[in-house]
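Here is the structure we will look at, set down as structure tokens.
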């Protein structure tokens, strides 16, 4: 696919997703950036704003396999990755894949399950494979995890460990729709859920081709230095206990490439770095002197302050 074909395909995909997920074009854009960058997405928001719908709309628009894992306190790792089942007819064990074996996986309320079960997704999100009973199995491609969590409720939850958070390319908050957007949602779902009418607009082969094209997007040396200056500033901030890691730098650069391609360019610009700094870096920082309920606000303010003080190239 050439650059023009890629831009047309991504625009078609975004428009299709927005037929069901109405009124949040920037959220859709950033979701596609994470998807084509081969990362994963953490949606942190209150119930009922469309976190599940976003994942479902993307999967339907791609004719991709979709699974939803409802994380609860009694879920165990085998419920996620699958297990070997004994078959009396063949007198042998057969591996039955768990719901993690899908192109788009919705990990719903991931912070409601135990750290042991949360860790079952760690190998999947970082290495795109799972290990069960000593056997390692690759996951389908493309593979995209959309995890959700409610930032308000703390009882019965297990906050994600820093190593878990670092595996998510971005953390986003959807927020409530505008009055006009909510009116459009009511109209679109009057007779039947808008999701039901979605048809695939992109094949999985086209998705893989676009993901490969992301790796070819050019980032000028001056822009690489700017990106690294932003990352380094998070490490030197007096308000930060743990700054962004080298893994964060790699993820940041890949997201910048994907953002350029989503916007129809085969080269990155400083605005790509600025627009992605908060969603890519904030959740990876550990701030000093914060209360649990204020952590998100604290780290986002730190990244915004970094962007104000680090000079961007012309």
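The values are calculated or read from the model by the stated rules, or taken from the named source; none is laboratory data. Since we're looking at a predicted model, the values are computed, not measured. Cβ placement follows ideal geometry from the backbone for every residue including glycine, while neighbour counts extend to all protein chains displayed.
Just the residues that are in contact (Cβ under 8 Å) with a residue 40 or more places away in the chain and surrounded by fewer than 16 Cβ atoms within 10 Å (Cβ to Cβ), please, taken from the stretch 267-286. Hits for the stretch 267-286 are 267, 286. Which number in (1) modelled with pLDDT under 90; (2) surrounded by fewer than 16 Cβ atoms within 10 Å (Cβ to Cβ); (3) under 30 Å from residue 12 (Cβ atoms) marks the one condition that residue 65 misses? Single failed check for residue 65: (1).
Could you check, for the stretch 69-83, whether at least one of its residues is out of contact with any helix residue (DSSP H, G or I) (no Cβ under 6 Å at 6 or more places or on another chain), surrounded by 21 or more Cβ atoms within 10 Å (Cβ to Cβ) and part of a loop (DSSP other than H, G, I, E, B)? No, the conditions are met nowhere in the stretch 69-83. Of all the listed residues (210, 302), the sole one being assigned by TED's automatic domain parsing to the domain that holds residue 26, surrounded by 19 or more Cβ atoms within 10 Å (Cβ to Cβ) and under 25 Å from residue 27 (Cβ atoms) is 210. Going through (1) buried (at least 17 other Cβ atoms within 10 Å of the Cβ); (2) at pLDDT below 95; (3) more than 20 Å from the chain's Cα centre (by Cα) one by one, residue 295 falls short only on (3). From the list 30, 53, 42, 58, the lone residue that is within 17 Å of residue 109 (Cα to Cα) and touching a strand residue (DSSP E or B) at 6+ places or on another chain (Cβ under 7 Å) is 42.
For residue 96, are the conditions met, namely being out of contact with any helix residue (DSSP H, G or I) (no Cβ under 9 Å at 6 or more places or on another chain), part of a strand (DSSP E or B) and assigned by TED's automatic domain parsing to the domain that holds residue 68? Here the answer is yes, as residue 96 does meet what is asked.
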